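Derivation of every value follows stated rules applied to the coordinates shown; laboratory data play no part. Everything numeric in this text was worked out from a predicted model, so none of it was measured. Cβ sites come from the backbone with ideal geometry, for glycine too, and all protein chains shown count toward neighbours.
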């Protein structure tokens, strides 16, 4: 590069090797994996999520198709996908498909929002230092917090008591807002899923562009009509067979 008069790299980001059963992937040993086949089977987003979640930059990682299937079923389908389905279904059932308007958050909402925004800040810090596997773990803490909020507040019980209408509104609106924030950030890893999820949330903005005051709680969701709620990660055929 010096001979060509080109500047020398100031920094190189080098990923490690993928191994299988602790052996380097090699055609001669026949232990290679086909990303195209895995993407066709599990979905490109699930495959991309897995490899970024498993490998620490600069270190080797061991490929395990069972772990790929487990992350798709657990973190993606169960935690993220079910959160959207539950939230969307309850907004449809209790609020005619429109995200509730919440003017003043209660203490539970304030604590939940702080938790989600903290996770987003940590996600951002870790992404900037290229610790993508850890960053995704932080982002998923926001997903898990939203699931815990729904379990703790039990909207299906709140809906039976007119006096708890405000709590119901806050719970549904907070879960929808957390989903929007997570999907907007996760779009760099699971772009097709993020686009589909945001569409279901009725989001009409752009992905990849942050607000100037990021991270901040969404303020324009109230009254927004949701789209059709469908599974982000449908159950796989082999999972169906295993249940039979």
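Principal semi-axes of the equivalent ellipsoid, √(5λ) from the alpha carbon gyration tensor of region 65-228, are 25, 17, 16 Å from largest down.
Rounded to the nearest 0.05, what FRET efficiency is calculated for residue 163 and residue 114 with R0 set to 30 Å and r the Cβ-Cβ distance?
For R0 = 30 Å, the calculated efficiency reads 0.70.
Spatially, region 33-52 and region 114-129 are offset by 26 Å when compared through their Cα centroids. Note the full-extension length gain between residue 6 and residue 210 as 0.36 nm times their separation in residues minus their Cα-Cα distance, in nm to one decimal. Residue separation times 0.36 nm, minus the Cα-Cα distance, leaves 70.0 nm.
Note on the chain: GNM, Cα springs under 10 Å; of 208, 222, 197, the largest mean-square fluctuation is that of 208.
Can you tell me what percent of all Cα-Cα pairs in region 82-165 are more than 18 Å apart? Don't skip to the end; give the middle numbers.
Numbers: 1867 of 3486 pairs.
Here the long-distance tail beyond 18 Å is 54 percent of all Cα pairs in region 82-165.
Relative to the longest principal axis of the Cα atoms of the chain, helix 165-186 runs at roughly 20 degrees. Estimated from the Cβ-Cβ distance and a Förster radius of 41 angstrom, the FRET efficiency linking residue 89 and residue 19 is about 0.45.
Order of 156, 18 from fewest to most other C-beta atoms within 10 Å? Can you show the working numbers first?
On the way: 156 13, 18 16.
Least to most surrounded, the residues fall as 156, 18.
Residue 98 to residue 152: FRET efficiency via 1/(1 + (r/R0)^6), r the Cβ-Cβ distance, R0 25 Å, to the nearest 0.05?
Numbers: r = 24 Å, r/R0 = 0.94.
With R0 = 25 Å, the Cβ-Cβ based efficiency is 0.60.
Once you reduce region 60-88 and region 166-244 to the center of their Cα atoms, the two points are 15 Å from each other.
Model label points for residue 130 and residue 188, set 7 angstrom from Cα along the Cα-to-Cβ axis, are 1.3 nm apart.
Between helix 44-54 and the chain there is an angle of about 70 degrees, using the helix long axis and the longest principal axis of the Cα atoms.
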